[in-house]
């Protein structure tokens with residue numbers, strides 16, 4: 001299993017915003033430059049982060065982005081789920097009806113346990129831990 005560029009880049013962008021302090025607005029170009037990311041790709045991630053109320057966006061000459069809440073209140077889990085969707089190793093954990101084998105699958109319990117453990121780690125760490 002690998003975390004995609006969506007999750008990694010979203011985390012890097014959030015770290016950049018937290019690094020310059022959550023009270024100051026930072027432009028898309030500044031975030032991209034600070035983390036060596038594509039402006040276009042980053043823009044699509046920031047929309048998702050804004051939809052999940054993790055960042056605020058301001059238009060105009062003095063516009064930019066800022067964290068929507070303190071870095072010590074934004075878990076890594078929230079960031080990953082905002083751009084990646086639910087953190088599940090296999091689809092059948094949250095949607096058992098979509099798999100004909102889910103009722104008697106011997107591995108389902110293991111997948112569920114690993115997924116829960118992974119979520120617990122992501123919940124344990126906050127953006128402030130990375131700054």
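Since every read-out is calculated from the coordinates, none of them should be taken as a lab result. Just so you know, these numbers come straight off a predicted model, no measurement behind them. Counting neighbours? That spans all protein chains shown, and the Cβs are built from the backbone with ideal geometry, glycine included.
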Anyone know which of 110, 79, 20 comes out most mobile in the 10 Å Cα GNM of the chain?
110
Quick one: grab the alpha carbon gyration tensor of the stretch 1-78, order the square roots of its eigenvalues as a ≥ b ≥ c, and give me rounded if a/c is under 1.5, else prolate or oblate depending on whether a/b is larger than b/c.
oblate
Max mean-square fluctuation residue, GNM over the chain, Cα-Cα springs under 10 Å, options 75, 103, 57:
103
For a protection proxy built on the mean count of beta-carbon atoms within 10 angstrom, sort 84-90, 119-125 highest first, please.
84-90, 119-125
Calculated from DSSP helices alone, with each H run of at least 4 adding -39500 (n - 2.57) and the total divided by the residues of the chain, [θ]222 nm to the nearest 500 comes to -15000 deg cm²/dmol
Given [x] 8.1; [y] 11.4; [z] 8.7, the label whose value is mean projected area of the Cα convex hull in nm² derived from this model:
[z]
Going fewest to most other Cβ atoms within 10 Å around each Cβ, 130, 45 line up as 130, 45
